[in-house]
Amino acid sequence: MLVIYHSRGALPARQAAALHLGWVTPADSQQEVFERLGGRGAFATLGLWALGCDQAGRTVYAFGRASRPDVVHRAFHGMAHLFGLERDTFLLANVGAPVAWTDIGVRSPDRMGLHRLADWLALVGLQRGWQDAAAATRTMEERLKARGEA
Amino acid sequence: MRLFYCCYGSAHSSVTAANIHLGHLPGNRRATLGEILHQPLFDRAADYEVGIPREMGTDERGNEILVLGLAGGRQAMVQALTDFLTALGIQRSQAIFCDALQHAGVLMRIGGYCSRRLGWVWLGRPLCAGGVFKYPRFVHHVRQVRELCRPG
């Protein structure tokens, strides 16, 4: 089964996915968390980023979107239906607000070459993002429980 | 193989490209305003349908032609969907995603926004038909996609 976290920009999704796997905690240094989540590479990476398998053997992914979360859910479920994939082969969870202002604040400076500013903004986003990350992992746990897989 | 023409809302540019591919619009001349306006499923998709793949038909090679609205960030979504299918054992060659919106002109984009987002169909739909001025780009795009889908 695939567990997929998605967010506006990749970092909040990666933060939630890493929390799901127990890789990071809010007590960790933000700089270490940032490096663990791929650092600046997270700004530009497209597609699903595989983090690893959780204790139940489910593969955990994260990806950054620029679409609305409802569009993401419809697209993934639509693809699964078209290709005859069972609904219980994957679970999606949105992390954070539909438009994360910290993401916009990070990507623009990064593209302009203001990397230190982008890094600093990313750290601020991570620090403020623990609540959203925890909420997303709780949502995922509830969905897994509902499927009898927790 | 399933071929997805993608755009923002699966109402205009993707539908136009898919209809050219399927022969519902001419591939050897510029379509008329009437042909653009009256093509199947043009300017029909609702907001709740954005993200849902819609079947348009099957081409002469047996490829399923679909349209898919991905809102903003199409490149990220296409990559994510491709990775998702690969992770679940679907070969990359079974799903091809093509961005049709890049060929839409300003008129079609403004018209699409007016019609679908604002609900001003009386203004938006005729503006969208102004996409006829960029029609050769759609034809060229479809030709390239057909070349890509050619077996062997």
B:TYR8 vs (1) away from chain A (no Cβ under 12 Å); (2) surrounded by 23 or more Cβ atoms within 10 Å (Cβ to Cβ): all pass except (1)
Where B:CYS128 falls short, out of the listed (1) in contact with a Cys (Cβ under 8 Å, 6 or more places away or on another chain); (2) touching a residue at least 40 places away in the same chain (Cβ under 8 Å); (3) buried (at least 17 other Cβ atoms within 10 Å of the Cβ); (4) farther than 30 Å from A:PHE43 by Cα
(1)
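Please find, within the stretch B:70-97, the residue that is farthest from the other protein chains (Cβ to nearest Cβ) out of those that are part of a loop (DSSP other than H, G, I, E, B) and under 16 Å from A:TYR61 (Cβ atoms).
If we take residues in the stretch B:70-97 being part of a loop (DSSP other than H, G, I, E, B) and under 16 Å from A:TYR61 (Cβ atoms), then B:GLY89 is farthest from the other protein chains (Cβ to nearest Cβ).
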Quickly run through the stretch B:23-38 and pick out the residues that are farther than 18 Å from B:LEU123 by Cα and either within 11 Å of the chain's Cα centre (by Cα) or crowded, with 18+ Cβ neighbours inside 10 Å (or both).
B:HIS24, B:LEU25, B:ALA31
For the stretch B:109-125, what are the residues that are crowded, with 18+ Cβ neighbours inside 10 Å and away from every other protein chain (no Cβ under 14 Å)?
B:ARG109, B:GLY111, B:GLY112, B:CYS114, B:SER115, B:GLY124, B:ARG125
Right, B:VAL106: modelled with pLDDT of 95 or more and either within 7 Å of chain A (Cβ to nearest Cβ) or under 12 Å from B:SER13 (Cα atoms) (or both) or not?
no
Please verify whether A:THR45 is of a type in the set (S, T, N, Q), within 14 Å of the chain's Cα centre (by Cα) and under 24 Å from A:LYS145 (Cα atoms), treating the condition exactly as stated.
no
Every residue in the stretch A:121-134 that is touching a residue at least 12 places away in the same chain (Cβ under 8 Å) and part of a helix (DSSP H, G or I), please.
A:LEU121, A:ALA122, A:LEU123, A:VAL124, A:GLY125, A:LEU126, A:GLN127, A:ARG128, A:TRP130, A:ASP132, A:ALA133, A:ALA134
The stretch B:51-69: number of residues that are within 11 Å of chain A (Cβ to nearest Cβ) and out of contact with any helix residue (DSSP H, G or I) (no Cβ under 8 Å at 6 or more places or on another chain):
3
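The values are calculated or read from the model by the stated rules, or taken from the named source; none is laboratory data. Everything numeric here is computed off the predicted structure, so don't read it as measured data. Note that we place each Cβ from the backbone using ideal geometry, even for glycine, and neighbour counts take in every protein chain shown.
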